[in-house]
């Protein structure tokens, strides 16, 4: 593991049998790692119910990579391949998710129009713990447009994620109220999660959403919650290993709008 990550973030590795309900302020809970997901580890050993015992704000995916997971206000939603949101039952499983009991350190009213890049730059100007820590991000507002994606359910033998996203479905939503939920992880956390900003979106009616690619915010409220602690549940065979240039390139590929 990157020494810089150990210095800035306190990462506690857990096995499934060690999980206990907890809602500790500023503590991120994650199941598996982005590296395992990139390699095609799409079968989870943690239920959505167990995930929600650790946080009310977050994102991830569902078993067999069945859509994008959006956790907002303590409710888990699946964004299906056509962008429709549906509530996820507590017994469904996830191969990768990260949540936090969201408690904002920073609240900023944001006027617009702001592109996604401008919005994220505004977030970075207000990071309560500084750039070396992880931060949860929430934006509630009015959007001129939102560009998002989801992915189709997979069947074994599973292909690497970079191959799957070649089949992603990209869609646009216009003139809507919506909530953005996600995280900003430092560069040193590449073995654990997507570094930089990673956001999912749910409209105000919780009817449409997905993995956010782009948006234009007209007005809204930006909130940030810092974290220096990560509790990572590691399925059998998954470890937190040092990240590589190839892994960083693979993450960049699956985050692109193409």
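Observations on the structure shown:
- 20 Å cut-off, amide nitrogen to a point 7 angstrom out along residue 43 Cα→Cβ, residues in region 144-167: 152-162, 164
- Distance from the Cα centroid of region 71-97 to that of region 107-160 is 17 Å (rounded to whole angstrom).
- Distance in nm between pseudo-label sites at residue 166 and residue 153 (7 Å out along the Cβ direction from Cα): 2.3 nm
- Whole-Å semi-axes of the chain's equivalent ellipsoid (Cα gyration tensor): 25, 21, 18
- Each peptide in 41-52, 20-31 receives the mean, over its residues, of other Cβ atoms within 10 Å, and ordering these scores from highest gives 41-52, 20-31.
- Relative exposure of 214, 225, judged by other C-beta atoms within 10 Å (fewest first): 214, 225
- Three semi-axes of the equivalent ellipsoid, region 152-239, Cα gyration tensor, whole Å, largest first: 27, 22, 12
- Cα gyration tensor category, rounded, prolate or oblate, for region 1-129 with a/c compared to 1.5: oblate
- Stretching the chain fully between residue 73 and residue 105 yields a gain of 9.8 nm (0.36 nm per residue, less the alpha carbon separation).
- Order by protection proxy (mean Cβ within 10 Å, highest first), peptides 199-211, 119-131: 199-211, 119-131
- Stretching residue 87 away from residue 18 to a fully extended chain increases their span by 22.2 nm, per 0.36 nm per residue minus the current alpha-carbon distance.
Read-outs: derived from the displayed coordinates by stated rules, not from any lab. Just so you know, these numbers come straight off a predicted model, no measurement behind them. Cβ sites come from the backbone with ideal geometry, for glycine too, and all protein chains shown count toward neighbours.
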